[in-house]
Every structure is written in structure tokens, then in C-alpha cells.
Amino acid sequence: MDRNDRAVVGLATVGHASVHTFELAIPLFIPLWLAEFETLDLLVASVPFDAAAAGVLVTIGYGLFGLGALPGGVLADRVGSKRLIVACLFGMSGAFVVLALAPSALAVGLALALWGAAASVYHPAGLSMLSRGASERGKAFAYHGMAGNLGIALGPFVVAVALVVAEWQTVALALAVPVIGVAALATRIDVDERAAVDSQDEAGEDEQRAASDGGEDRTTDTSGGGDDRTSSVDSLADFTLGSKELFLGGFALIFPVVVASGLYYRGILTFLPEVLSTYDAFAAVALGDLSLETYRYAYAGLLAVGILGQYAGGRVSDLVRPERALAPAFVALAVLAAFVLPAANAGLVPFLALGVVLGTMLFFVQPLYQAAVADHTPAGTRGLSYGYTYLGVFGVGALGGALAGTILEFADAAALFATLGGIALLGAGAALALARRGA
């Protein structure tokens with residue numbers, strides 16, 4: 001990697017780790033919120049604060065995390081990725097300061113909504129910058145995913161350890177402070193966000209001139225995605241036209257793939273700590289005067305191994321067309337969903353063994369669909385395409401949290417994991433259709 005590649009990857013990986021540190025710390029707070037708050041006092045009514053209500057509050061925050069990705073993608077094409085990433089870092093840390101001061105369940109919901117709105121712009125901004133600025137795209141996506149998983153694992157682990165000695169409000173504030181410093185440092189990083197695309201454009205022009213000198217008329221793809229259009233989204237008409245072009249092409253098949261991934265991801269992770277806490281194998285362990293909640297560390301460990309999946313998915317996307325690997329990956333997720341509860345019932349060691357495979361496969365699909373988006377969309381609207389991608393993953397996918405909370409409240413965990421397995425099979429079907437189109 002050259003200097004600009006390192007700067008692009010450095011900024012993106014720091015942003016990605018910060019986003020997911022906050023995101024996956026939230027589920028560990030849910031059992032504590034359920035124990036502390038008895039009611040959710042709305043403006044017109046008061047309702048019990050149970051798993052279903054908590055699921056709705058979390059879904060609002062996670063939903064905004066996804067819904068804001070679409071305007072975030074448009075802004076990434078218009079104002080640049082670096083500005084959005086810096087704003088995202090300041091906004092997320094500020095939201096967790098509000099969370100630390102929250103006196104009620106409703107205030108918790110407001111803080112989560114603020115976090116979701118701030119975090120929403122990161123993925124389209126960061127991925128657009130990687131796809132357009134890094135010359136070694138596959139490796140950049142792999143490192144980016146690995147950094148995200150460091151945040152995904154580090155956030156829950158730090159929270160689990162900190163909750164042994166501190167209240168959740170103090171822990172939330174402790175997460176916010178260092179990110180404020182990171183945001184300040186990020187303002188000083190200098191990157192060329194279009195270095196790779198501009199280099200491809202120059203190479204394409206040279207090839208066209210050479211072809212013209214040789215009496216040939218040949219067009220070179222400079223987008224990295226099978227389309228040489230490099231215009232950005234500068235108006236409502238551009239947005240409408242860009243959206244139409246995306247959904248009339250391969251992106252129409254990518255979108256259901258990413259929605260299925262988002263529903264499964266959010267559905268299985270949001271209440272996993274709560275589910276595990278009901279099993280004897282994950283009971284608290286006394287360590288002197290301290291009480292260690294085993295389920296928190298099992299959850300953090302499952303997320304930690306996801307770094308293997310991110311790296312493997314990124315490398316596979318360099319070796320084969322990514323859509324060819326997506327269908328079998330979703331089938332594996334469906335099978336794993338059926339074994340989560342039997343493994344938890346069998347004890348800590350069997351669950352950890354399953355967790356290694358589940359954590360790996362859960363994140364294996366992410367660099368694959370990220371690369372598939374780059375392969376099937378033009379460079380000029382890459383921000384828009386990733387905006388739609390994360391609208392599907394984290395916007396529509398956020399419904400997985402509400403779905404999980406509702407099923408747990410009115411049915412049971414077995415029904416939840418059966419539902420998640422069905423969602424994974426739907427994702428496999430969409431991925432198979434995409435692979436056939438690619439062939």
C-alpha cells in the first residue's frame with residue numbers, strides 16, 4: 001500500500017472500529033435497563049418496560065443507523081467522506097454522553113436515536129472512500145472489516161469488564177471520551193478520496209488513445225463495477241436516475257441479500273446476552289467480592305472471532321466472484337441457528353465451540369456483499385449504492401431487534417432461532433439468483 005492507501009485505510013478503520021464499539025456495547029446494557037426501569041413513560045401513556053419495549057427502543061436507534069445511510073451515501077458523493085466520518089465520530093460520542101445522563105427509559109431511547117442518526121453516515125462514507133481511494137481494494141476491505149470486528153469484540157469486552165466495578169452510566173461515559181479525542185485527531189488526516197478511480201480513469205484514457213492510434217474504438221471500464229459512468233449525485237433528478245439505474249441492474253438482487261444479512265445479524269445479537277443469561281452454564285461466577293457474568297464474556301468472545309470471518313471474506317472476494325460464496329455462507333448460517341440453543345443447553349464449552357463457527361460465518365458474508373456492491377455499481381454513485389446497502393443492512397435489518405424482542409416476549413427462544421434460520425435461507429436464495437446473473 002502507498003501513503004494514500006494507508007491514510008485512507010487508517011481513517012476508515014478507526015471510524016469502523018468506533019462505530020461498532022458503540023453498536024455492540026448496547027446489547028450488554030439491555031439486561032441492566034430491564035432491571036432498572038419498570039415503565040416506559042411516553043407523552044400520552046405509560047407501558048411496562050419489558051423485552052418487547054426494549055426491542056422497540058433499540059430498533060429505533062439501530063433503525064436510524066440504517067435509514068440515515070441513504071442520505072449519508074448521497075452526501076458522501078457530494079461533500080466527501082472525510083467530513084462525514086469526522087462528524088460521525090463527534091456525534092456518536094456526544095450521544096453516549098447523553099446516554100450516561102439518561103434518567104429514564106425514554107431518555108435512553110432518545111440517546112440511542114441520537115447515536116443511530118450520527119452513526120448512520122459512516123458506512124456509505126467509509127466504504128465509498130475505500131472503494132474509490134484505495135488501489136488495493138480487496139485488502140483494504142479486509143483490513144476495514146477486521147478493524148470493525150476489533151471494535152465489535154472490544155466494545156462488549158470492555159463493557160463486560162467495566163460493569164464489574166462500575167455502573168452502566170459510568171461505562172457509557174467512559175466509551176464516549178476517547179472517541180472525542182479520536183475525532184479531533186481525524187480532522188488532521190489528509191487523504192485523496194478518489195485516488196484509485198482517478199488512476200483508473202487515466203489508465204483508461206491512455207488505453208483509449210493507444211486504441212485510437214491503432215485504428216480501434218474501444219471503451220475501458222474505469223468504475224471498478226462494470227460501468228464507466230463517473231458522475232455523482234448532485235440533484236434530486238440525479239438521485240432518482242441513480243436509484244433507478246441501481247435497481248434495474250444487479251443491485252436489485254444484492255438488496256435482498258443485504259436485508260437478510262441485516263435481519264439475521266440484528267436478530268441474533270440484540271438479545272443474545274439476555275437469552276444466554278437464562279442458562280445455568282452462564283451463571284455468575286464469584287471472584288472474591290466481584291461477580292463475573294459469564295454470559296457477557298461468551299457474547300464478547302463470539303464477536304471477537306468475527307475478525308477471522310471478516311478477513312476470510314475479504315480474501316475470498318479477491319479470489320472468486322463474491323456472489324458465488326454468499327449462498328453457501330447463508331446456508332451455513334441457517335444450520336448454525338438451529339444449534340445455538342442445544343449448544344447453550346449442553347454447557348459453556350459446547351456453546352463456545354459453536355460460537356467460534358457462528359461468529360466467523362456471521363461476519364464472513366459482510367466483505368462479500370460489500371465487494372459485490374462494488375462489482376455491480378458505477379464509481380460515481382458508489383456512495384449512493386452503499387447508502388442503499390446499509391439502509392438494507394441496518395435500516396430494514398434493525399427490525400430484527402424488534403422481531404427478536406417480540407418473539408421472546410410472546411413465544412420463546414426456540415421460535416426466535418427458527419425464524420432466523422428461515423431468514424438465512426431466504427438470503428441464500430437471493431444470493432443464488434445473484435450468482436446466476438453474474439454467471
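Since every read-out is calculated from the coordinates, none of them should be taken as a lab result. Just so it is clear, the structure is predicted and the values come from calculations on it, not from any experiment. Cβ sites come from the backbone with ideal geometry, for glycine too, and all protein chains shown count toward neighbours.
Could you point to the residue in GLY347, PHE141, ALA415 farthest towards the positive end of the chain's charge dipole, with +1 and -1 charges on the Cβ of Lys/Arg and Asp/Glu respectively?
GLY347
Fully extended, how many nm does the chain gain between ASP41 and ALA433 (0.36 nm per residue separation, minus their Cα-Cα distance)?
Difference between extended and current length: 136.5 nm.
How high is the FRET efficiency between ALA346 and VAL165 when r is their beta carbon distance and R₀ equals 35 Å, given to the nearest 0.05?
Between ALA346 and VAL165 the formula returns 0.65.
Just to check, using Stokes-Einstein with a Kirkwood Rh over alpha carbon pairs, what's the diffusion coefficient of the range 87-127 at 20 °C and 1.002 mPa s in µm²/s?
209
Dipole of the range 47-198 (Lys/Arg Cβ +1, Asp/Glu Cβ -1, origin at the Cα centre): which of VAL191, ALA95, PRO178 lies farthest to the positive side?
Going by the charge dipole, the pick is VAL191.
Assigning unit charges at the beta carbon (Lys, Arg +1; Asp, Glu -1) and nothing else, what dipole magnitude in debye, to the nearest 20, does the range 1-76 show about its Cα centre?
The dipole magnitude comes to about 360 debye.
What's log10 of I(q)/I(0) for the chain at q = 0.06, 0.07, 0.10, 0.12 Å⁻¹, Debye sum over Cα points only, no solvent?
Each listed q maps to, in turn, -0.25, -0.33, -0.67, -0.96.
So how far, in whole Å, is the C-alpha centre of the range 76-117 from the one of the range 128-194?
14
Please compute the contact order of the range 1-130 in relative form: average sequence separation of alpha-carbon pairs under 8 Å and at least six residues apart, divided by the residue count, as a percent.
35
Label points 7 Å out from Cα along the Cβ direction at ALA174 and LEU34: separation in nm?
2.4
How would you rank 418-428, 84-94, 156-166, highest first, on the average number of other Cβ atoms within 10 Å across their residues?
84-94, 418-428, 156-166
Cut-off is 10 Å between beta-carbons; in what order do GLU274, GLU323 appear when sorted fewest neighbours first?
With the fewest neighbours first, GLU274, GLU323 line up as GLU274, GLU323.
Listed highest first by mean packing, meaning other Cβ atoms within 10 Å per residue, what order do 112-125, 9-22 come in?
Ranked by mean Cβ neighbours within 10 Å, highest first: 112-125, 9-22.
Could you work out how far helix 122-133 tilts from the main Cα principal axis of the chain, as a 0 to 90 degree angle to the nearest 10?
Approximately 30 degrees, to the nearest ten.
Can you tell me what percent of all Cα-Cα pairs in the range 1-69 are more than 15 Å apart?
Tail of the P(r) past 15 Å holds 67 percent of the pairs.
About the Cα centre, and with charges only on the beta carbon of Lys, Arg (+1) and Asp, Glu (-1), how big is the dipole of the chain? Nearest 20 debye, please.
The dipole magnitude comes to about 300 debye.
Put +1 on the Cβ of every Lys and Arg and -1 on every Asp and Glu Cβ in the range 15-85; which of LEU64, VAL74, LEU28 then has its Cα farthest towards the positive end of the dipole?
Highest projection toward the positive end goes to VAL74.
Let me test this: with uniform point scatterers at the alpha carbons of the range 337-393, what is the Debye-based log₁₀ I(q)/I(0) at q = 0.12, 0.16 1/Å?
Each listed q maps to, in turn, -0.46, -0.61.
Treat each spin label as a single point 7 Å out from the Cα along the C-beta direction, and report the ALA286 to VAL320 distance in nm.
Taking the simple label geometry, ALA286 and VAL320 are separated by 5.3 nm.
Roughly how many whole Å is it from the C-alpha centroid of the range 2-23 to that of the range 390-423?
29
Could you work out the relative contact order of the chain? I mean the mean sequence separation of Cα pairs under 8 Å and 6+ apart, divided by the number of residues, in percent.
Result for the chain is 28 percent.
For the range 1-42, what is the charge dipole size about the Cα centre, in debye to the nearest 20, if Lys and Arg each add +1 at the Cβ and Asp and Glu each add -1 at the Cβ?
Taking the Cα centre of the range 1-42 as origin, the dipole is about 340 debye.
Label VAL356 and SER135 with points 7 Å out from Cα along Cα→Cβ: what is the distance between them in nm?
Each label point lies 7 Å from its Cα, and together they span 3.9 nm.
Within a Cβ distance under 11 Å of LEU434, other residues only, what is the Lys/Arg minus Asp/Glu net charge?
For residues surrounding LEU434, the net value is +2.
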